[in-house]
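Any read-out appearing in this document is the output of simple, stated calculations on the displayed coordinates, not a laboratory observation. Since the model is a prediction, treat every value here as computed from it, not as a measurement. Here the Cβ positions follow ideal geometry from the backbone for every residue, glycine too, while neighbour counts run over all protein chains shown.
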Amino acid sequence: MTDTRIGQNTEVTLHFALHLENGDTVDSTFDKAPATFKVGDGNLLPGFEAALFGFKAGDKRTVVVEPENAFGQPNPQNVQVMPRSQFEGMELSDGLLIIFNDAANTELPGVVKAFDDAQVTIDFNHPLAGKTLTFEVEILEVKAL
């Protein structure tokens, strides 16, 4: 093990787990292959990267990441009401994830928040927006680039 610390121009291999405030696990690599990323490559949100700065191989830490440094706060403009007719033949339920295509044909996930015979309310905010997350990490390797 080296004493190279996580910062700019490093590659990091780690195990991680993301937990909600109620203890539910959102994602984890502890039961599979570790993740490897280069700081700044976009694979990890900047707030999660920043929480790791200064850590070195062998460190096991748990850090709390506030919504502003994770997936942000929900944006009310990302909640859209659409005519029910756009969902003909679809069995809707609260919490149903639907994939839409935007004008550039990019996939955009939305979650059904409410519906009736006339309209459907879809939330396009990230499902973890507004959530404080506990980020559990075990740093396996840090390499200078």
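A few notes on this one:
- Between Q73, Q86, Q119, the residue with the greatest mean-square fluctuation in the GNM of the chain (Cα pairs under 10 Å linked by springs) is Q86.
- Exposure proxy ranking, count of Cβ atoms within 10 Å, fewest first, for I139, I99: I99, I139
- The charge dipole of segment 76-123, taken about the Cα centre with unit charges on the Cβ atoms of Lys, Arg (+1) and Asp, Glu (-1), comes to about 100 debye, rounded to the nearest 20.
- Model label zone, V63; criterion: amide N under 13 Å from point 7 Å along Cα-to-beta-carbon; scope segment 122-145: 133-139
- Gained length - D41 relative to I98, 0.36 nm times residue gap less alpha-carbon distance: 17.7 nm
- Exceeding the 26 Å Cα-Cα cut-off - candidates K32/K56; K32/K113; K60/K113: K32/K113; K60/K113
- With θ taken as phi - 60° and the Karplus curve 6.51 cos²θ - 1.76 cosθ + 1.60 applied, the whole-hertz 3J(HN,Hα) list for segment 72-85 is x, 8, x, 9, x, 6, 8, 9, 10, 9, 10, x, 4, 4 Hz, x standing for glycine and proline.
- For segment 76-123, the alpha-carbon coordinates run over 30, 25, 17 Å along the three principal axes, in decreasing order.
- Between segment 66-113 and segment 1-58, the Cα center-to-center distance that results, in Å: 29
- Residue of P109, P67, P83 that the Gaussian network model of the chain assigns the largest fluctuation, springs spanning Cα pairs under 10 Å: P83
- Size of charge dipole - the chain - debye, nearest 20, with Cβ of Lys, Arg +1 and Asp, Glu -1, no other charges: 520
- Pair A118, F30: separation of 7 Å Cα→Cβ label points (nm): 5.0
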